[in-house]
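Asker: Handing you this structure, nothing more for now.
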Amino acid sequence: MAARDVRWSATAAIGFALALFAGAASAETRFAVVAPVAGNAFYDAVGEGCRARAVARGGITCVLFGPGGEEKRNQGEIVAALVADKIDGLAVSPALISEVGPALTAARAAGIPVVAFDADLPGELRRSFIGTNARDFGRALGASLRRWKPAGGRFAVLTGAATTPSLADRVEGVRDALGSGWTEIAGSPVATTGEAREAAGLVDRLLLDHPDLDAVISVGAWPFLAEDAWREIARRHKERFDRARTVVVVADALPVERRLVRDGLGHVLVGQRPGDMGARIVDTLDALAHGRPAPEIVYVGFDVVTRADLIRTTD
């Protein structure tokens with residue numbers, strides 16, 4: 001039997017976790033993907049990849065959950081509700097490990113397989129990690145900048161929570177790749193809460209405060225996810241961007257980011273493959289749920305995308 005097509009939306013607050021799985025055949029295997037926030041294009045793409053693989057394999061239902069919008073519960077409370085509902089498998093990208101830890105400990109005690117995706121969990125809380133090698137990803141961001149400005153210069157990094165190990169590894173990877181010839185400005189890395197407009201504003205402030213800045217590298221997609229805000233910011237700095245006086249390198253290659261770079265409002269994207277993450281979540285959880293071996297680490301790779309690439313593929 002094909003898996004039921006169940007999608008997450010901001011208006012589908014989980015209330016009772018069972019409600020979103022209602023109608024799935026009792027024989028179906030039910031997996032849940034729990035993102036750190038709702039309404040984020042990257043996590044939506046992970047959820048869609050999971051759903052599509054579930055449909056293709058049959059007999060599996062995959063639903064994406066996340067706090068935000070009408071869902072007032074935090075990530076830990078969502079996970080706890082799913083564990084109480086005896087979900088067959090969980091994939092979690094933790095916002096705060098302390099918040100999800102107790103529910104994931106309960107999942108382990110209940111025999112529910114847990115995998116981490118995008119951001120890792122401690123080994124005692126998950127069976128596998130599915131995502132990108134964070135240090136290599138950061139190195140790709142830095143190497144992309146070196147190709148634009150081989151002589152070096154002054155740069156700043158935009159990152160997220162300092163307590164997120166994968167983001168710290170990305171920042172170190174950037175520094176690895178840039179090496180000699182590059183100087184990181186005082187106050188870098190600059191941390192965002194992850195809210196898109198705030199992140200875009202932080203980059204704007206860096207550009208205004210440092211007119212001689214040669215590059216900004218964002219180790220997450222955040223500033224480009226607020227498309228209207230970024231377009232306004234890019235207009236203020238158009239001459240710097242057009243002449244590549246300041247090069248902007250941003251993580252991920254979601255549709256909104258591709259539009260911005262194609263329009264000349266950024267220079268390089270280093271894109272993870274969220275759809276592939278979602279697909280591998282299904283493959284890994286299905287193996288674990290049925291007692292089959294699964295790799296502890298699954299890396300899905302990434303792609304480097306420039307404006308020239310986007311123009312070629314859309315002409």
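The values are calculated or read from the model by the stated rules, or taken from the named source; none is laboratory data. As the structure is a computational prediction, the values presented were derived from the model and not from experiment. Note: ideal-geometry Cβ built from the backbone for every residue, glycine included; neighbour counts use all protein chains shown. These accessible areas exclude ligands, DNA and RNA; they are computed on the full protein's heavy atoms, side chains included. Shrake-Rupley method; radii C 1.70, N 1.55, O 1.52, S 1.80 Å.
Asker: Taking the criterion of being β-branched (Val, Ile, Thr), farther than 17 Å from GLY173 by Cα and in contact with a helix residue (DSSP H, G or I) (Cβ under 8 Å, 6 or more places away or on another chain), would at least one residue in the stretch 126-135 satisfy it?
Answerer: yes
Asker: Starting from the stretch 101-121, keep only residues that are of a type outside the set (Asp, Glu) and open to solvent by less than 20 Å² (accessible area, probe 1.4 Å), then list their pairs with residues that are assigned to a helix (DSSP H, G or I) and modelled with pLDDT under 95 whose Cβ atoms are within a distance under 6 Å, requiring at least 6 positions of separation or different chains.
Answerer: ALA119/SER166
Asker: Give VAL249, VAL256 a once-over and let me know the one that is open to solvent by less than 10 Å² (accessible area, probe 1.4 Å) and modelled with pLDDT of 95 or more.
Answerer: Just a single option satisfies the conditions, and that option is VAL249.
Asker: Kindly indicate the residue of the stretch 58-86 that is under 13 Å from ALA103 (Cβ atoms) and open to solvent by 50 Å² or more (accessible area, probe 1.4 Å) and also nearest to the chain's Cα centre (by Cα) among those meeting that condition.
Answerer: Across the stretch 58-86, the extreme among qualifying residues is ASN74.
Asker: Across the stretch 211-244, which residue is most open to solvent (accessible area, probe 1.4 Å) among those that are more than 24 Å from ARG139 (Cβ to Cβ) and assigned to a loop (DSSP other than H, G, I, E, B)?
Answerer: ARG243
Asker: Scanning the stretch 157-180 for residues that are open to solvent by less than 50 Å² (accessible area, probe 1.4 Å) and more than 21 Å from the chain's Cα centre (by Cα), which turns out farthest from SER144 (Cα to Cα)?
Answerer: GLY179
Asker: Is one or more of the residues making up the stretch 286-297 part of a helix (DSSP H, G or I) and touching a Phe, Trp or Tyr at 6+ places or on another chain (Cβ under 9 Å)?
Answerer: Checked against the condition, which is being part of a helix (DSSP H, G or I) and touching a Phe, Trp or Tyr at 6+ places or on another chain (Cβ under 9 Å), the stretch 286-297 yields at least one hit.
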